[in-house]
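Please read the structure below before turning to the comments.
The values are calculated or read from the model by the stated rules, or taken from the named source; none is laboratory data. Predicted model only: the values in this text are computed from it and were never measured. Heads up, the Cβs are rebuilt from the backbone with ideal geometry, glycines too, and the neighbour counts pull from every protein chain shown.
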Amino acid sequence: MYKEIVIRKKISSIFIIVLMLTVSIVVSDIIANLSLGEYEVGNHLTSLLSFFVFILIIRQIEMCKIKYKYSIIADEFIIYKVKGNKQQIMASVKVKDIECIEKIGKNKIYLDAVIRNMYGCLNFDNDLYFCKYNNGNGTKRFYFEPSHKLVEKLDVLKNKEVY
């Protein structure tokens, strides 16, 4: 049995919030005096932008409360999403069904994470991995942020099952 927990680092969220606020200030200054004919839409657009940025900031704060727990129990790899005292199983994969686990670049995840499942906190300093597995009905994929030790354990178990 092996388990580890990935927690979103606060500095990542603080950086993103400061970046969003900076961009919103610049954009709101640009659109503040915008008008279409006799209608001054700049004030309305600035209010809309402020509301949108507020929602994104709340989302960033909520993301800090989410943890992911990766567990290997017997021959099964289980990913839990932990928020407060609640645990939800996000994925349960037999190690022998894993086709590949590959380290990927961070730029690819931002483009592909909208479509695929992401079971990690997107910390700036952690490596991202892509897991492809067969679930009986076809292949499924997800992204996660394991430690090197977890990846090594999965590789050992996967290779052990083959022989």
Scan (1) polar (S, T, N, Q); (2) over 22 Å from the mean Cα position of the chain (by Cα); (3) buried (at least 16 other Cβ atoms within 10 Å of the Cβ) for the single condition N33 breaks and write down its number.
(3)
Within 30 Å of E145 (Cα to Cα) and surrounded by fewer than 12 Cβ atoms within 10 Å (Cβ to Cβ): which single residue out of V23, V18 fits that description?
V18
E161 fails exactly one of the following numbered conditions: (1) exposed (fewer than 14 other Cβ atoms within 10 Å of the Cβ); (2) modelled with pLDDT of 85 or more. What is the number of that condition?
(2)
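Within the stretch 30-70, work out how many residues are within 30 Å of Y143 (Cα to Cα), outside any helix (DSSP H, G or I) and of a type in the set (D, E, K, R).
First pass over the stretch 30-70, keeping only residues within 30 Å of Y143 (Cα to Cα): 52-70.
Still in the running and outside any helix (DSSP H, G or I): 64-70.
Restricting the remaining residues to those that are of a type in the set (D, E, K, R) gives 65, 67, 69.
Going through the stretch 30-70 one residue at a time, the tally reaches 3.
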